[in-house]
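Please read the structure below before turning to the comments.
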Amino acid sequence: MFKKVNILVVFLTLSQSILAQETSFKATVSKDRLGVNERLRITFTINKQGGDNFTPPDFKDFKVLAGPMQSTSFSSFNGKKSFEMAYSYTLEPKRKGTIVIPSASIELDDTIIKTNTVKITVTDAVEIPKDPNDPKYIASQNIHLVAEVSNSNPYVGESISVVYKIYVDVNKVNVRNYRETESPSFNGFWSQNIEVNQSDSKEGTFQGRTHRYAILRKVVLIPQKSGKLTISPLEMEIGAGVPTGRRDLFGNMMTRNFNFTATTGERIINVKPLPTENQPIDFTGAVGDFNFRVSTNKNELKANDVAQIKVEISGKGNLKMLVMPKIETPSGLEKYEPEHKESIRASLSGFSGTISDEYTVVPQFRGKYKIPPTTFSYFSLKDKAYKTITSDAIIINAPEGKEATDGNVVTTTKRNVISNAQDIHFISTSADLTPRITSKDFFKSNLFYLLMIIPLLSIPLGIFIGYRKQKRDSDIVGNKRRKADRLAKKYLSEAKKQLGNKENFYEALEKALHNYLKAKLQVETTDISKDKIREILLDRNVDESTINEFIKVFDSCDYARYTPTTNVMMQQEYETARKVIVKIDKQL
């Protein structure tokens with residue numbers, strides 16, 4: 001019994017010594033000065049038990065590579081006990097300069113306590129000593145992230161491709177996983193991704209050694225302006241394993257696993273301007289090698305018959321950006337807006353296929369109509385020169401129908417005859433003064449009874465209309481949705497009117513998309529961001545491919561303010577916006 005009492009006394013004494021300690025919650029770093037390519041470790045330590053709701057600071061100027069990692073230590077020495085709980089992060093700076101890491105906070109005994117702030121100085125990249133036994137050095141020498149550019153000196157409008165690959169020497173290192181942390185940007189280029197099957201890996205050669213490689217991404221680019229254009233790096237975090245040279249109890253090689261960051265680096269593309277010498281007056285930016293033809297399905301038309309005139313460009317080049325030549329029709333041959341069709345294939349060598357405009361023409365009078373030749377000019381990459389293709393004239397014969405006056409087409413307009421009180425009338429030489437009865441008495445006529453019944457019928461009709469109006473007015477959510485629907489349609493129609501006017505068109509298009517979201521998702525326009533759009537649409541079970549198309553239209557509205565844009569591209573953006581709204585409507 002006496003022994004138990006002694007143990008209790010000792011325990012109470014030690015507990016009081018711990019409680020007597022002053023509460024300390026501090027932040028420490030492994031280094032306060034480092035290069036932009038180095039890393040640091042920051043640790044937040046509290047010396048009291050019971051801490052809860054730990055909140056780290058905002059590491060906005062750092063990339064968090066690992067953490068939070070939590071550890072707890074409890075020790076007793078010469079009757080004195082100590083306790084520590086620590087939260088650790090591994091960070092990599094995003095920029096140079098002096099960076100202040102704010103305080104972290106934790107809740108202890110219903111009180112919020114905070115750490116000290118930490119000042120870090122980030123300098124230019126430093127040369128890191130290369131330890132041949134360092135696993136990260138071994139990985140960096142045997143895992144390579146590359147961007148292969150097909151042509152670094154193209155013309156404006158000439159297609160080039162970029163293929164992103166990861167090469168691995170599987171004899172020295174293995175890759176467990178990887179994820180993209182920084183996507184490349186293609187400012188100054190029109191871009192289109194090509195689908196890639198990332199599960200395939202092949203054997204190839206890198207720097208004279210055999211590697212396994214996988215294709216991560218394929219992109220076709222078309223430069224929009226001349227000069228030096230930069231493709232920003234693709235950056236990935238790679239989970240790798242390096243053999244340690246030791247084996248486990250079962251004879252299997254043991255590996256050390258870790259994460260490290262790899263990058264392709266920037267790629268510079270020197271874009272050549274198109275020559276100005278001998279440039280045709282009708283040249284609109286077509287670059288490649290093309291065929292051009294204008295054809296009709298009928299040369300002879302019967303009465304009330306129509307013909308289809310097809311303008312077609314086929315070949316290989318920047319087909320996605322072409323401005324189609326327009327046909328000219330003579331007076332008397334009515335021309336309707338064309339139907340645009342595209343059949344374009346994208347590959348690493350560029351775009352190939354066919355685009356066409358099909359016009360419907362209707363003769364107003366009988367006769368022969370001549371559609372003059374149409375020209376199409378392009379810059380030939382094969383011959384490094386401008387070429388112009390001229391179509392043949394087309395004759396449309398309409399032997400039936402009305403005949404034009406004086407050999408010219410005359411447009412007639414129907415007008416109602418208007419009586420004029422000041423006209424001179426003939427004087428009658430005889431008069432019949434006998435009264436004429438022109439109608440029956442109104443009383444008890446059909447019209448009399450009809451007018452008596454209408455007020456009675458209007459009472460239930462008015463009650464029904466009032467009930468519907470009251471129900472509609474009380475539907476606040478429905479009224480807001482209908483209002484937003486009307487606004488979206490209004491702005492989309494406004495965007496169509498602004499085709500050809502770049503700034504007004506993209507501004508109206510962006511407003512239409514915002515108001516559509518406001519109508520369908522009940523989200524205020526000011527709250528909408530791209531991440532929130534993606535999150536909300538995913539919650540509504542919208543396909544991710546459809547969401548990506550929607551986000552791409554937003555991106556196009558941003559990029560178009562800083563890059564050249566053609567009427568064809570604006571028409572394509574309008575059609576894309578219309579189609580993606582239809583897709584989302586079907587899924588919501």
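List of remarks:
- Three-way shape call for the range 288-398 based on the alpha-carbon gyration tensor, with the a/c threshold at 1.5: prolate
- A simple charge model with +1 on the Cβ of Lys and Arg, -1 on the Cβ of Asp and Glu and nothing else charged puts the dipole of the range 289-398 at about 240 debye relative to its Cα centre.
- Averaging Cα coordinates gives a centre for the range 266-320 and one for the range 31-52; these two points are 63 Å apart.
- The range 56-183: proportion of alpha-carbon pairs further apart than 19 angstrom, %: 73
- Sorting 541-551, 86-96, 458-468 by average packing, meaning the other beta carbons within 10 Å per residue, from highest down gives 86-96, 541-551, 458-468.
- The residue among I222, G265, I238 whose Cα reaches farthest toward the positive pole of the charge dipole of the range 135-271, with charges on the beta-carbon of Lys, Arg, Asp and Glu, is I238.
- Each residue of the range 505-512 was assigned a 3J(HN,Hα) from its phi angle through the Karplus curve 6.51 cos²θ - 1.76 cosθ + 1.60 (θ = phi - 60°); the sequence is 5, 5, 5, 5, 5, 5, 4, 4 Hz, with glycine and proline shown as x.
- The Cα center of the range 138-199 and the Cα center of the range 107-127 differ in position by 36 Å.
- Within the shell of other residues whose beta carbon sits under 11 angstrom from the beta carbon of L229, the net charge comes to +2, with Lys and Arg scored +1 and Asp and Glu -1.
- Among the protein heavy atoms of the range 135-271, carbon and sulfur supply 42% of the accessible surface, probe 1.4 Å, non-protein parts ignored.
- Gyration tensor analysis over the Cα atoms of the range 25-123 returns equivalent ellipsoid semi-axes of 27, 15, 11 Å (largest first, whole Å).
- Carbon + sulfur, % of accessible area of the range 288-398 - ligands and nucleic acids excluded, 1.4 Å: 45
- Accessible area of the range 329-410 divided out per residue, in Å², using a probe of 1.4 angstrom: 56
- V170-K136 FRET efficiency (beta carbon distance; Förster radius 22 Å; 0.05 resolution): 0.80
- Placing R0 at 35 angstrom, the Cβ-Cβ distance between E339 and S380 gives a FRET efficiency of 0.75 after rounding to 0.05.
- Pairs from K532/K552; K165/K228; K96/K165; K320/K552; K298/K368; K310/K341 whose Cα-Cα separation, in the structure shown, is over 19 Å: K165/K228; K96/K165
- T296-N177 FRET efficiency (beta carbon distance; Förster radius 45 Å; 0.05 resolution): 0.15
- Most tightly packed first, judged by the mean number of other beta-carbon atoms within 10 Å of their residues, the peptides 51-57, 356-362 read 356-362, 51-57.
The values are calculated or read from the model by the stated rules, or taken from the named source; none is laboratory data. Since this is a predicted model, take the numbers as computed values, not measurements. Counting neighbours? That spans all protein chains shown, and the Cβs are built from the backbone with ideal geometry, glycine included. Side chains are part of the model used for accessible areas, which takes the heavy atoms of the whole protein and leaves out ligands, DNA and RNA. Shrake-Rupley method; radii C 1.70, N 1.55, O 1.52, S 1.80 Å.
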